[in-house]
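Values quoted throughout were computed directly from the atomic coordinates according to the rules given, and no laboratory measurement underlies them. Model, not experiment: these values are computed from the prediction. With ideal geometry, Cβ positions are generated from the backbone for all residues, glycine too; neighbour counts draw on all protein chains shown.
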Amino acid sequence: MSIDPGPHLLDHTRPIFSPTGDARLKAVTPNFYEELGQDFPDFAGHILLQRFEFSDPWPTWEIHPKGHEFVYLLSGDVDFVLWENGQEKTVRVNEPGSYVMVPKNTWHTARPHKKTSMLFVTAGEGTMNAEQPA
């Protein structure tokens with residue numbers, strides 16, 4: 001299968017990489033995340049690349065049990081908060097070009113100090129969200 005080389009806007013179309021390294025482009029829709037589970041059964045072995053911009057603290061925590069997550073700061077200033085050994089560990093990320101590696105199976109959230117834009121490379125299989133880490 002061939003792929004359209006682009007250019008593409010990451011906010012409109014996101015690449016999803018298969019376990020073999022092949023990529024498929026998926027349009028961002030209101031039901032994007034629900035569709036991922038339908039289009040890519042259980043999202044097993046797949047990697048999602050996406051960019052988010054946010055000014056408010058995330059309303060939930062998330063966890064990715066099947067792989068590490070790479071989070072790259074494009075702009076802004078944010079506390080990336082990891083839940084380790086029953087307590088919060090805060091990693092301040094405020095230099096564009098710096099990044100955080102979230103270990104697999106680690107609850108995490110973000111609390112920006114100002115408008116922040118980050119690039120996420122996520123092993124999405126089994127991702128869960130909760131108001132508080134378990």
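The table for this structure:
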{"quantity": "Calculated SAXS-style log₁₀ I(q)/I(0) at q = 0.16, 0.27 Å⁻¹ - the range 66-134, Debye, Cα scatterers", "calculated": "-0.53, -1.30"}
{"quantity": "Cα-based reach from Lys89 at 19 Å (exclusive), listing lysines while leaving out same-chain residues under 8 positions away", "calculated": "Lys104"}
{"quantity": "Charge dipole (debye, nearest 20) of the range 13-130; +1 at Cβ of Lys and Arg, -1 at Cβ of Asp and Glu", "calculated": "220 debye"}
{"quantity": "Choice from Tyr99, Tyr33, Tyr72 with maximal GNM fluctuation in the chain (Cα, 10 Å cutoff)", "calculated": "Tyr33"}
{"quantity": "The chain: relative contact order as a whole-number percent, Cα under 8 Å and 6+ apart", "calculated": "30 percent"}
{"quantity": "Note, ³J(HN,Hα) from phi for the range 59-69, Karplus 6.51, -1.76, 1.60, rounded to Hz, x at Gly and Pro", "calculated": "x, 9, 9, 9, 9, 10, x, 9, x, 5, 10"}
{"quantity": "Percent of Cα-Cα distances greater than 17 Å, calculated over the range 1-113", "calculated": "62 percent"}
{"quantity": "The chain - mean residue ellipticity at 222 nm from DSSP helices (-39,500 (n - 2.57) per run, n ≥ 4, rounded to 500)", "calculated": "-1500 deg cm²/dmol"}
{"quantity": "Protection-proxy order for peptides 119-128, 56-65, 88-97, each taking the mean of Cβ atoms within 10 Å per residue, highest first", "calculated": "119-128, 56-65, 88-97"}
